[in-house]
Amino acid sequence: MPHRVTIKSSEHSFTVNEGETVLAAALREGIVIAYGCRHGSCGTCKGRLLDGRVDFGTYQEHAMTEAERQSGMALFCQAKPQTDLLIECREIGAAVKGIQIKLLPGRVMKLERLAPDVMLLELRLPASEKLPFLAGQYIDFLLRDGARRSLSMANPPHDDARLQLHLRNYGGPFSRLVFDKMKEKDIVRFEGPFGTFFLREESSKPVILVASGTGFAPVKAIVEHALHQGTHRPMTLYWGCRVRADLYLNDLAEGWQREGRLRYVPVLSDAPAADNWKGRTGLVHRAVMADFPDLSGYQVYACGAPPMVDAALRDFTEQCRLPREEFFSDSFTPAALTD
């Protein structure tokens, strides 16, 4: 039977159907709460149960510990109500409202190797369709076996003639499809846009952007959107990779810095001698901490592998005084990477 969920802070209320998650029902009714992966891996949608019971669903322990669950927390992308609920969660403002989630076909217009294991995939929508989205959001590719593979748009919303996506080859079915079988003019199906990783434009705080690997894709979209909008907020971009070849659009980022649009700091964690790397080394979030020991007046946007995102949140808030509510992330979770 359906149950009613009420968000305490806003008194927004919505109905959850039998077998539906709290997040799915909220999005269906136009109420956007913070979320990322939608499969219990990133922890972005974590909130508190003030009254009522849920089936907690399946999730990864790093996203919500047993102690958090016992204290009344739940992941709303997995939680299914068993009674009416009163909850606390982070709601997202007007920016996402009106962004319609669509199921669309796309024609593959370009496949280009940006690095040995990174593919640029460009899609063209049908002539009669548009896909409004926010810079930093992602789409889900729908595979024939019913599986999904999430990829962030690397292009900003104003440059939407084609959707640009960056895919790293992790060796799974979707990677093998794209790297070994997919051809230009092929038709794919996808759904989106999803996610709440986007620039909070109501703020005037300086921005720190932290990417690892292909986490550069949504960060690129955010940067290009901000530059197009003519932002006056200082921006510093840190891009962490293992080796020099992984900085697959390094020239683009260096160009932003030469033009005075932002400060760019590439960081390599495992550069071999052959790279002749003279730049920063180590963990990318540690490079941020060395440069900005006090983040109390900043906003941070972090995207990439879960260990980087988790470490950045922990260390920035505990050691650098970053307010928790000023940390925004998109974690490329294990489920998202098992393609």
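Data table
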{"quantity": "Helix-only CD estimate at 222 nm, as mean residue ellipticity for the chain, using -39500 (n - 2.57) per DSSP H run (n ≥ 4)", "calculated": "-5000 deg cm²/dmol"}
{"quantity": "Nearest-0.05 FRET efficiency for GLU61 and SER13, computed from C-beta distance (R0 30 Å)", "calculated": "0.45"}
{"quantity": "Highest to lowest packing among 142-155, 101-114, scored as the average C-beta count within 10 Å", "calculated": "142-155, 101-114"}
{"quantity": "Label-point separation in nm, ASP180 to LEU227, each point 7 Å along Cα→Cβ", "calculated": "3.7 nm"}
{"quantity": "Residues GLU91 and SER204, FRET efficiency given R0 of 25 Å [Cβ-Cβ distance, rounded to 0.05]", "calculated": "0.70"}
{"quantity": "Linear extension gain, GLU259 paired with GLU318, 0.36 nm per residue minus alpha-carbon span", "calculated": "17.8 nm"}
{"quantity": "Residues LEU111 and ASP270, FRET efficiency given R0 of 25 Å [Cβ-Cβ distance, rounded to 0.05]", "calculated": "0.35"}
{"quantity": "Surface share of carbon and sulfur [accessible, 1.4 angstrom probe, percent] for segment 32-156", "calculated": "48 percent"}
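The values are calculated or read from the model by the stated rules, or taken from the named source; none is laboratory data. Predicted, not measured: the structure shown is a model, and the values here were computed from it. With ideal geometry, Cβ positions are generated from the backbone for all residues, glycine too; neighbour counts draw on all protein chains shown. Heavy atoms of the whole protein, side chains included, go into the accessibility calculation; ligands, DNA and RNA do not. Shrake-Rupley method; radii C 1.70, N 1.55, O 1.52, S 1.80 Å.
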